[in-house]
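The values are calculated or read from the model by the stated rules, or taken from the named source; none is laboratory data. Owing to the predicted nature of the structure, the values given are computational and were not obtained by experimental measurement. Glycine gets a Cβ as well: all are built from the backbone with ideal geometry, and neighbour counts include every protein chain shown. Side chains included, ligands, DNA and RNA excluded: accessible areas come from the protein's heavy atoms. Shrake-Rupley method; radii C 1.70, N 1.55, O 1.52, S 1.80 Å.
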Amino acid sequence: MQNRLVSGITLLAILVGMSGIQTESILAEPLGPQVLSLPSPAKIVECEILIAGGGLSGTAAAYEALLAGRTVCLTEITDWIGGQISSQGTSALDEAKRQRSLLYFPQGYNELRTRIEAKYGKLNPGSCWVSVSCFIPMDAQALLWQQLEAAARQGGGRLQWFPSTVIKELSLRADGRMIKSAIAIQHNPAPGAPPLNTYPLSQVIEDIYRSENSSRFTKQIIRFIPQKGRKKRTADWYVIEATETGEIIALADVPYRLGLDPRSYRNPSSPVTTRDPYCTQGFTYTFAMEQTEQPQLQKKPIHYSQYAPYYGSDPNPNVGNFDAIFTYRRIWSPQAETRPRGTAFNLPLPAPGDISMQNWVWGNDYRPGTEKDNLIYTREQLHQTGQLSPGRWLGGLRVNTLHNGEQLALGYYYWLVAGTTDSQRQEFGSKQPHPNHRLLKGLESPMGTLHGLSKYPYIRESRRIIGRPFYGYDNGFSIDEIDISRRDYRDNYYRQTLSDKVYRDLWIALAGLEAVSVIEGQTSPDQVSQRTRSTIYPDSVGISQYAIDFHPCMTKSPPEAPGNREREGVRQGHGPAYPAQIPLRAMIPQKIDNLLVTGKSIAASNIAAAAYRVHSFEWSSGSAAGTTVAFAMEEDVLPYQLVDNLPGREPLLEKLRQRLERNGNPTAFPDTSIFNLNWEDWNIW
C-alpha cells in the first residue's frame, strides 16, 4: 500500500521541510507588468497526470485514474479534498428525484453515498429537507480519502497528494500546444505561527500565492513534470483543470468566458444583448451552528449594520420561519427519530445538539455584479492587475470581495440569532431573535477552521472554456440553454423579446427532423413540435441533471446596499431541465492539447452552467476526465483526436464510451434516443 499511495500525513511530513533558498520579498511591491523570477524548485515531482484542484471533480478524476493504474499528482488550495462537500461546506447532496430513485449515478458517486450511509448508519444524519443526505463536512473528506485509498489498492495506481498547494506558473512547449511543466507553491505554518485554517481565506490568499516565506507560512516551490522512463508518446503527460474558479484556464490563457452571455437563439432567456462578464452567480461562505440548551452570548460583528439590510428569510411562510431555515440544511440531528415532528416538511423539530449548515440566498450568498466588485477577474482585469505576467499570478480573485463575503456570512449568523429585521417579509413585522445557538469554531469543528467559516467559498460559477470549433459550432463548442431546458419557448416573452430572425432560428434549432422544412419555409415556427428532451451528443462521456438554478448577481455595488435588487431578467432561464449529457467536446480547450477541463469550467453558457454545477455532475465530469486521459495515454491519442471527425464515426471514441459504461460511469440516461420524447418522469422535482 505504501508504494502505491502517499498518504496526506506522510506526504505532508516529506514536503514540510524548506530548502533554505533565499528569496526576494515582493510583499510591499505593487503588481506590475515586469517579469518576476521565481526561486528554483526545492522539489521536482514526476507524474503521469497532474490534477489541479481537489474538489469533487478533481477527486473523481483521481479516483478513476488510480483505478486505471496511473501515477497521479493532486494539488488543492485547502488541506481537504472534496470541495463542495468538505472545504466549501455544502454537504447536502443536490440530486434529481428519479435519478436518485434509480441510483443512476457514476459508480464512484454511488460508492460515496454508500460510505456516508455506513458512517452514520443512515444516509441523512441531519434529517434535513433540502436533500436526502446532509452530513458533516469534516467527515466527508475522511470518507473520500478512504475511497481514494481503496481505488489505489484495487487499480495499482499511485497518488501523490499536495495539500495547501497552488499552481503558480505553467511552462508551455515552444509551439504552445503542450504544457511541459507546472510550478506550484505549497504553504505550511511558519515556526511559531498559528496552524493552518486560523485565518479566513481573504487574509491569506495573496500570501499563499507568493513564493517567499512570510510571518505566517513557510513555502516550498515544487515543479511538476512528466514521469520519466515512459516510452515517448504523443503526450508525455496530461493536466486536468479541476480548480473552483478555472485558474489553469486563466494561466494557460485559453479562450473562456465569464458571466452573462448575449441573447441568441441558443440562449434565448439571456437578459442582455452584449456580454456581461461581471454578473456571475453568487458565492457563499457556509458555516455550521448548533442549537443549545441555554441562551448564548451573541457578539455583534463590527460591520453588521453594513450588511443588515440584505438579510431576509423567504416570502413563503412555510420556508420563511427560523425552524425551516435551520432544518433546511441540518447536517446532524442525534436521536431525531424520537422527536416530535413539525415544520411544513414534517421533519423532527430542532433540538439542542442539532447542527445546521447555512447556505441561504438572502443570508450568506454574496452576489456582486459590477466591474467594481466582481469576484473572479476577467482576462482584461488580470492584465490590468499584472497577474498574467510571469511570476505574478495571485489566484485571479478580488480579495476585497472575498473579505466582504466573509463579513456577510458572519453577520448572517448574528442576524439569525439576534436580528429583528427581514428584507423578504417586511410586511409580517419584526423577526424574533433565537439566542439558543452558537457558531461552531475550531480545527475539530464541522468546517475545520478557527473562525467557523468554510475553508473556501462555495463557487457556483467559474471561468468557462470556449470549446474548439466543430461542425455546427463555428465560434467554438458550447452546451447552451436550449440543449437542456424544459422551458416553453412559445411563451409570449420569447415572441416579444426575440427578433423574427432569432425566433425563427430558435425553432430551427429545436425542430430536429423538421428543421429542413422550416428552413425551406414549408413549416412555420408555430407548427414545429415542442422538443421534449435534451440534446443527444455522440461524444457524451457523462451525465447530469439538475434544475437551471440561479443565485443572480445584484444590480448595484455593493451588493448589500439598502434596497438593492437582483439583476433584472437573470432568472428568466430559471427552471426545470431534462436529463442531460456531458460531451467530451465541452472538456477540450482551444490551443492546448494535453489539457482537459472538468467541473464547472467546461464549455457551457451562463444559463446551462446553472444546471451543470451540482455534486453528481462534478463527479461525473471528473470521472470522464480521469478515464479519458488514462485512455488517451493507453491508446497514444490526444483527446481532440477522439472527436475531430464528428459527426462522422469515431471508433476510438466509441471504445472510450464503452469503457466508461463498463466501469459504471453512464454516458446517457436510460432510453436516450431521438425517438424517445417522453421524459416527464424525469422532472427534477
- Query: Which of the residues belonging to segment 171-182 are surrounded by fewer than 20 Cβ atoms within 10 Å (Cβ to Cβ) and of a type outside the set (Ser, Thr, Tyr)?
  - Reply: LEU172, ARG173, ALA174, ASP175, GLY176, ARG177, LYS180
- Task: Kindly indicate the residue of segment 306-338 that is within 27 Å of the chain's Cα centre (by Cα) and hydrophobic (A, V, I, L, M, F, W, C) and also most open to solvent (accessible area, probe 1.4 Å) among those meeting that condition.
- Result: TRP332
- Query: Name the residues in segment 401-421 that are open to solvent by 10 Å² or more (accessible area, probe 1.4 Å) and farther than 18 Å from THR286 by Cα, would you?
  - Reply: ALA418, THR420, THR421
- Item | Tally, over segment 534-588, of residues that are more than 25 Å from LEU103 (Cα to Cα) and not in a helix (DSSP H, G or I) | 22
- Message: Out of everything in segment 656-675 that is in contact (Cβ under 8 Å) with a residue 24 or more places away in the chain and either of a type in the set (A, V, I, L, M, F, W, C) or part of a helix (DSSP H, G or I) (or both), what residue ends up being surrounded by the fewest Cβ atoms within 10 Å (Cβ to Cβ)?
- Response: ILE674
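Restricting attention to segment 150-192, and to residues there that are among the basic types (Lys, Arg) and not in a loop (DSSP other than H, G, I, E, B), which single residue is farthest from THR114 (Cα to Cα)?
Step one: of segment 150-192, the residues among the basic types (Lys, Arg) are 153, 158, 168, 173, 177, 180.
In the following step, the residues that additionally are not in a loop (DSSP other than H, G, I, E, B) were identified as 153, 158, 168, 180.
On the way: ARG153: 19, ARG158: 24, LYS168: 37, LYS180: 39 Å.
Step by step, filter segment 150-192, then rank; the result is LYS180.
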- Message: If I filter segment 549-569 for residues that are within 30 Å of THR628 (Cα to Cα) and small (Gly, Ala, Ser), do I get at least one hit?
- Response: no
- Query: Can you tell me which residues in segment 130-171 are out of contact with any helix residue (DSSP H, G or I) (no Cβ under 8 Å at 6 or more places or on another chain), among the hydrophobic types (A, V, I, L, M, F, W, C) and farther than 25 Å from PHE287 by Cβ?
  - Reply: ALA150
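Inside segment 214-242, can you point out the residues that are within 30 Å of PHE287 (Cα to Cα) and of a type outside the set (Val, Ile, Thr)?
The answer is SER214, SER215, ARG216, PHE217, LYS219, GLU241, ALA242.
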- Query: Among (1) open to solvent by 60 Å² or more (accessible area, probe 1.4 Å); (2) in contact (Cβ under 8 Å) with a residue 40 or more places away in the chain, where does GLN527 come up short?
  - Reply: (2)
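What do you reckon, is SER264 farther than 23 Å from GLY82 by Cα, small (Gly, Ala, Ser) and in a loop (DSSP other than H, G, I, E, B)? Let's see the steps before the verdict.
Numbers: farther than 23 Å from GLY82 by Cα: yes; small (Gly, Ala, Ser): yes; in a loop (DSSP other than H, G, I, E, B): yes.
Here the answer is yes, as SER264 does meet what is asked.
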- If you check GLY575 against the conditions, is it within 20 Å of the chain's Cα centre (by Cα), surrounded by fewer than 20 Cβ atoms within 10 Å (Cβ to Cβ) and more than 19 Å from TYR311 (Cβ to Cβ)? yes
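Filter segment 597-621 down to the residues that are of a type in the set (A, V, I, L, M), assigned to a helix (DSSP H, G or I) and touching a Gly at 6+ places or on another chain (Cβ under 6 Å) and list them by number.
First, the residues of segment 597-621 that are of a type in the set (A, V, I, L, M): 597, 602-604, 607-611, 614.
Those still in the list that are assigned to a helix (DSSP H, G or I) too: 607-609.
The answer is ILE607, and nothing else.
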- Based on what the data block shows, is THR198 surrounded by fewer than 18 Cβ atoms within 10 Å (Cβ to Cβ), out of contact with any Gly (no Cβ under 8 Å at 6 or more places or on another chain) and in a loop (DSSP other than H, G, I, E, B)? yes
- Message: Please go through segment 446-475 and give me each residue that is open to solvent by 10 Å² or more (accessible area, probe 1.4 Å) and either small (Gly, Ala, Ser) or over 19 Å from SER87 (Cβ atoms) (or both), ordered by number.
- Response: ILE466, ARG468, PRO469, PHE470, TYR471, GLY472, TYR473, ASP474, ASN475
- Item | Set THR280, THR245: member being within 17 Å of GLN387 (Cα to Cα), crowded, with 23+ Cβ neighbours inside 10 Å and hydroxyl-bearing (Ser, Thr, Tyr) | THR245
- Task: Read through the list (1) at pLDDT below 95; (2) in contact with a Pro (Cβ under 7 Å, 6 or more places away or on another chain); (3) among the charged types (D, E, K, R), then give the number of the only condition that ASP314 fails.
- Result: (2)
- Would a scan of segment 434-443 turn up a residue that is more than 28 Å from SER91 (Cα to Cα), of a type outside the set (A, V, I, L, M) and modelled with pLDDT of 95 or more? no
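For (1) farther than 25 Å from ARG230 by Cβ; (2) of a type outside the set (D, E, K, R); (3) touching a helix residue (DSSP H, G or I) at 6+ places or on another chain (Cβ under 8 Å), each residue gets a yes or a no:
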position	(1), (2), (3)
TYR612	yes, yes, yes
PHE617	yes, yes, no
GLY622	no, yes, yes
VAL637	no, yes, yes
- Query: Does ALA624 fit the bill of being part of a helix (DSSP H, G or I), modelled with pLDDT of 95 or more, over 29 Å from ASP261 (Cβ atoms) and touching a strand residue (DSSP E or B) at 6+ places or on another chain (Cβ under 9 Å)?
  - Reply: no
- Message: What are the pairs with Cβ atoms under 6 angstrom where one residue, in segment 353-367, is farther than 17 Å from ASN316 by Cα and the other, located anywhere, is open to solvent by 20 Å² or more (accessible area, probe 1.4 Å) and of a type in the set (A, V, I, L, M, F, W, C)? Sequence gap at least six, or different chains.
- Response: ILE355/TRP332
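Kindly indicate whether GLN407 is within 22 Å of HIS303 (Cα to Cα) and in contact with a Ser or Thr (Cβ under 8 Å, 6 or more places away or on another chain).
On the way: within 22 Å of HIS303 (Cα to Cα): yes; in contact with a Ser or Thr (Cβ under 8 Å, 6 or more places away or on another chain): no.
Answer is no for this residue.
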- Item | The one condition in (1) open to solvent by 10 Å² or more (accessible area, probe 1.4 Å); (2) closer than 30 Å to ARG487 by Cα; (3) touching a residue at least 40 places away in the same chain (Cβ under 8 Å); (4) under 24 Å from the mean Cα position of the chain (by Cα) that GLU568 fails to fulfil | (4)
- Task: Scan segment 172-189 and give yes if some residue there is on the phi < 0 side of the Ramachandran plot, without any contact (Cβ under 8 Å) to a residue 40 or more places away in the chain and in contact with a Leu (Cβ under 7 Å, 6 or more places away or on another chain), otherwise no.
- Result: yes
